[in-house]
2 protein chains.
Amino acid sequence: MAASEVPGADHVTLSHEQLNVNAAVEAVTSPSCGAVSLFVGMTRDNFEGHRVVRLEYEAYESMAQAEMKKICARARCLWPSVGGIALHHRLGVVPIAEASVVIAVAAPHRQAAFEATAFLIDTLKATVPIWKKEVYEKGQCMWKENKECSWSKTQEYSTCSSSSPSGVCHVFYFFTSIYLSFLLLLHKYYFPKPSVN
Amino acid sequence: MAASEVPGADHVTLSHEQLNVNAAVEAVTSPSCGAVSLFVGMTRDNFEGHRVVRLEYEAYESMAQAEMKKICARARCLWPSVGGIALHHRLGVVPIAEASVVIAVAAPHRQAAFEATAFLIDTLKATVPIWKKEVYEKGQCMWKENKECSWSKTQEYSTCSSSSPSGVCHVFYFFTSIYLSFLLLLHKYYFPKPSVN
C-alpha cells in the first residue's frame, strides 16, 4: 500500500462508479498513523418487511461536497490527532450488496479513528443533501431524505414509473403553488383597482 | 463486490502475504447486511520517541487461530445480529505503512458492526499469542507480546543481530536452567550416596 503524501488531507468524492475500499485506505495511509478505521454502507435487500431490489442516489452535488468537507473539518476539531480522511459516496443505481458510501479515517491510535468514523457517518446521514430511492420488488418505490436527517420528509410509498422524481422537488412545487394562489386572492379582494376620477 | 454465500461465517487467517482490505470486505458482504465496519492496523514509523524501520510478527499459529475463532464466537454472543467476520493477521516482516491486521464485521445496522469491531481488535491484542519485534533505525530492537496483553512481559531494549529470538523462548530457557540447578543441589546435599557395607 502506498503511503499518502499529504497525511492530513480530506479526500471527498461523489461518483457514479463502484467504490473501492482499498483506494480509500491508500488515500489516508501515512507512516505516522498506526490505525485506519472504515465504514462501508451497503445496499440491503430489505427494509421494514419490503423486499428491496436496488437503491438509487441523487445529490445536490456542489452543496453535498461542501457539506462533506465541513464535517471533515468538524471531525478534525474534535479529534486533532486524525490524519487522512476519505469520504466517498456513490450516486445513481447501487445494486444489492454493493457499497454506496465508504469512509476511512487514519490516526496514530485506534480510539480516535473509531470515534471519528462513527461521527462522520452519523453526521453525513444527518446533514448532507443526498437522497435515496428504495425500489421494491413489486414495482413500488420510495424517495427518502435520510431517515436520520432532522429536516427529513420521507414520502409515502408510491407506484412509480418515472425514473427520477425528487421528493424535495414535490414539496417545493406544492408550497410554491399554495403561496402563489394566496397572493392572487390577496390581490383580488384586498387591493381593488383605483377608481378613475 | 461479490456477496458472501455464507453470511454468518468466520474468516480467520494468518498469512505472510500482504493483506487485502477489499478481500476482507468481500468475505463478509451479504445481501442482508447494510453495514461493514473495518479496522486496519498499520506499521507506524515511531514508538515512544524511537524511529521504527519495520515490524516483525511471530505467532504460535495453531493456538493463535483457535483463539481468533474463540473471540469471533464471543463477538457473536454479544452482538447476535452480526453477519460475516474476517480476522486476517500478517506474520513476518511488515514494512512501514503496510497492514499487519485487518478486521471486517458485517451487520444489518452499523451500531453492532462498530461495537463488534472495537471488541475484536481489543480482545485480539489482549489474548491472541502473536508477538512483534520493533526494529529501530540504530539497529536496536524489542520483542513484545502485546502491550495491552494481561500476561505481557515486554523485553528490555537490546541490540540484536539474530533475526528471530523469541521473548517466550528466553523466559522458558531462563526458568528451565534455574529448575535444573535446583534439582542438582537437592540431589547433592539431601540425597547423599548410600554407604557400602
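Each reported figure results from applying straightforward, stated rules to the coordinates on display, with no laboratory input. Just so you know, these numbers come straight off a predicted model, no measurement behind them. Methodologically, a virtual Cβ is constructed for each residue, glycine included, from the backbone with ideal geometry; neighbour enumeration extends over all protein chains shown.
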Taking the alpha-carbon centre of each part, the distance from segment B:19-43 to segment A:34-92 in Å is 16 Å
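Given Cβ point charges of +1 (Lys, Arg) and -1 (Asp, Glu) and nothing else, what value in debye, to the nearest 20, does the dipole of segment B:10-161 about its Cα centre take?
On the way: 16 positive and 17 negative charges, 41 e Å.
The dipole magnitude comes to about 200 debye.
Neighbour counts of other C-beta atoms within 10 Å: give me A:K133, A:K69 arranged from fewest to most.
A:K69, A:K133
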So, in nm and shortest first, the distances from A:G49 to its counterparts in the other copies, with label points 7 Å along Cα→Cβ, work out as 6.5
Assertion target for A:W79, A:W143, ordered by fewest C-beta neighbours within 10 angstrom first, is A:W79, A:W143
Taking R0 as 45 Å and r as the Cβ-Cβ distance between A:Q111 and A:E17, the FRET efficiency 1/(1 + (r/R0)^6), rounded to the nearest 0.05, comes to 0.85
Computed over segment B:78-128, the Cα gyration tensor eigenvalues, each multiplied by 5 and square-rooted, give semi-axes in Å (largest first) of 24, 12, 9
Share (percent) of C-alpha pair distances in segment B:8-56 greater than 13 Å works out to 70 percent
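Assuming R0 = 56 Å, what is the FRET efficiency of B:R51 and A:Y189, from their Cβ-Cβ distance, to the nearest 0.05?
Numbers: r = 83 Å, r/R0 = 1.47.
So, using R0 = 56 Å, E works out to roughly 0.10.
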The answer for B:H11, listing residues at least 5 apart or on another chain whose modeled amide H is closer than 5 Å to its amide H, is B:I85, B:A86, B:L87
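Taking other Cβ within 10 Å of each residue's Cβ, how do A:V36, B:V21, A:V135 sort, fewest first? All intermediate terms of the calculation are to be shown ahead of the outcome.
Numbers: A:V36 30, B:V21 26, A:V135 18.
The most exposed by this proxy come first: A:V135, B:V21, A:V36.
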A correct Karplus calculation of ³J(HN,Hα) over segment A:94-103, with 6.51 cos²θ - 1.76 cosθ + 1.60, θ = phi - 60°, whole Hz and x for Gly and Pro, returns 10, x, 3, 6, 10, 7, 9, 8, 10, 10
Sorting from shortest, the nanometre distances separating the label point of B:N22 (7 Å past Cα along the line to Cβ) from those of the same residue in the other copies are 0.5
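Output the Kirkwood hydrodynamic radius of segment B:10-161, Cα pairs only, in Å rounded to one decimal. Please list the in-between numbers first.
Details: mean 1/r = 0.0624 Å⁻¹.
Over segment B:10-161, the inverse of the mean reciprocal pair distance is 16.0 Å.
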Sorted shortest first, the nm distances from the A:L183 label point (7 Å along Cα→Cβ) to its counterparts in the other copies are 10.1
Between A:S62 and B:S81, the two model label points (7 Å from Cα along the beta-carbon direction) sit apart by a distance in nm of 3.9 nm
With DSSP loop assignment and no more than 13 other C-beta atoms within 10 Å, the GluC sites (Glu not before Pro) in segment B:37-133 are B:E48
